[in-house]
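Just below is one structure, and these are the notes that go with it.
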Amino acid sequence: MKRSIGISTWVWESPLTDANLGGHLARIAALGFDAVELPLENPGDFTAAAVREALESTGLSPFLVGAMAPGRDLVAAAPASVERTQAYLMDCITMAGSIGSPTVCGPFYAQTGRVWRMSPGQRREAYAELRRNLEPVAARAVEAGVLLGIEPLNRYETSLINTVDQALEALEPLLGNGVGLALDSYHLHIEERSLAAAVRAAGEHVVHVQVCGNDRGAPGGDQTDWGGFLQALDEVGYGGPLNIESFTADNAAIAVAASIWRPLAPSQDELAASGLAFLRGL
């Protein structure tokens, strides 16, 4: 299947704001991408009007992503924290609807980097709590015509949902009702025995896909089974873009959050260009 290719503005900078989004989207379009991931780290960082103007001038397709910063939790947290997290996710849904993004994706269950041990019974209770607290957010997504893509993360960034099978167990009653799965090749490469098998297990619930090399750099020339991964995406009928998600080591906050301790390419533009060239050639 011929796919469009997108990239996250996190490759260059964090946070994305009205002041810098026009320049980033112009750069991304000039490099030859079809789509852009727009991270809304905090409500108010950028406005729908500024995004729409930049999209109109570049022709890029938008895909909104969220960030589970400290204090954002839907499980094992104080009620006030859960309410703030729900409000943040609903703000993301409103923004997505305003700019034409079909999805809002991210690890929408607990603060990234928060890990704790759970017995099987405690895990079942955590999943039940997640469903209860995610349900009103999913209902808002349905009203807005937007899909939530819940992303499994690797074991170093969460202990709640690491694999596709865990995501299916945790979310099963909500899947197809405003909720799907967002798959990131980086996390799958760490947690799954087979990228292709994980995609097939996710099946029709795949609503968004992020890609990078197994070292978090550009896709291509790495250990990832790209052929098997893309074949499986074709088999399950995923028709969305492949979105490169990598990060810069030059931004202190994002480098620490994503454990980017060294440059992953001679320049961020080169990372983007080489990744795009590789994906276009598949």
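The values are calculated or read from the model by the stated rules, or taken from the named source; none is laboratory data. Treat the numbers as computed from the prediction; the structure is a model and nothing was measured. No Cβ is skipped: glycine too gets one built from the backbone with ideal geometry, and neighbour counts run over all protein chains shown. Accessible surface areas use protein heavy atoms only, side chains included; no ligands, DNA or RNA. Shrake-Rupley method; radii C 1.70, N 1.55, O 1.52, S 1.80 Å.
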| message | Tell me the carbon and sulfur percent of the accessible area for region 112-171, rounded to whole percent, probe radius 1.4 Å. | response | 47
| Cleavage-rule hits, chymotrypsin sites (Phe, Trp or Tyr not before Pro), region 1-75, DSSP coil, Cβ neighbours within 10 Å at most 16 | none
| task | Mind grabbing the accessible area of ASP45 for me, 1.4 Å probe, Å², rounded to tens? | result | 40
| query | Which value at 222 nm does the chain reach when only helices count, each DSSP H run of 4 or more adding -39,500 (n - 2.57), with the total divided by all residues and rounded to the nearest 500 deg cm²/dmol? | reply | -14000 deg cm²/dmol
| field | Cleavage-rule hits (chymotrypsin sites (Phe, Trp or Tyr not before Pro)) in region 77-149: DSSP loop, at most 13 neighbouring Cβ within 10 angstrom | value | TRP116
| field | Residues with amide H under 5 Å from that of ILE161, placed H, sequence gap 5 or more | value | LEU153
| said: Suppose a student asked you for the relative contact order of region 135-214, using Cα pairs under 8 Å spaced at least 6 residues apart; what percent would you report? | reply: 34
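Do any chymotrypsin sites (Phe, Trp or Tyr not before Pro) in region 215-282 lie in a loop, going by DSSP, with at most 13 other beta-carbon atoms within 10 Å of their beta carbon, and if so which? Provide the component values of the computation, followed by the final result.
Values: sites: TRP226, PHE229, TYR238, PHE247, TRP261, PHE278; in loops: TYR238, PHE247, TRP261.
Sparse-neighbourhood loop chymotrypsin sites (Phe, Trp or Tyr not before Pro): TRP261.
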| request: Collect residues whose amide H, placed 1.01 Å from N in the peptide plane, falls under 5 Å from the amide H of ILE7; neighbours closer than 5 in sequence don't count. | output: ALA35, VAL36, GLU37, ILE244
| If each Cα of the chain is one equal point scatterer, what is log10 of I(q)/I(0) from the Debye formula at q = 0.10, 0.16, 0.17 Å⁻¹? | -0.47, -1.34, -1.54
| said: On a full-extension model of 0.36 nm per residue, what is the gain between ALA249 and ARG84, subtracting their alpha-carbon distance, rounded to one decimal in nm? | reply: 56.5 nm
| Once you list every other residue whose beta carbon is under 15 Å from the beta carbon of ASP165, what net charge do they have if Lys and Arg are +1 and Asp and Glu are -1? | 0
| request: With a 1.4 Å probe and every protein chain left in place, work out the accessible area per residue of region 53-121 in Å², rounded to a whole number. | output: 41
| task | Evaluate the Kirkwood expression for the hydrodynamic radius of region 148-282, namely the inverse of the mean inverse distance over all pairs of different C-alpha atoms, and round to one decimal in Å. | result | 15.4
| Relative contact order, percent, of the chain when contacts are C-alpha pairs under 8 Å separated by at least 6 residues? | 19
| message | Output wanted: per-residue J couplings in Hz (rounded whole) for region 48-62, from phi through Karplus 6.51 cos²θ - 1.76 cosθ + 1.60, θ = phi - 60°, x for Gly and Pro. | response | 4, 4, 5, 5, 4, 5, 5, 5, 5, 7, 10, x, 6, 8, x
| said: I'd like the accessible area for MET90, computed on protein heavy atoms only with a 1.4 Å probe and all protein chains in place. Round to 10 Å², please. | reply: 40
| For region 1-92, what is the relative contact order in percent, using Cα pairs closer than 8 Å and at least 6 residues apart in sequence? | 27
| How far apart, in nm, are the 7 Å Cα→Cβ label points at ARG262 and ALA19? | 3.3
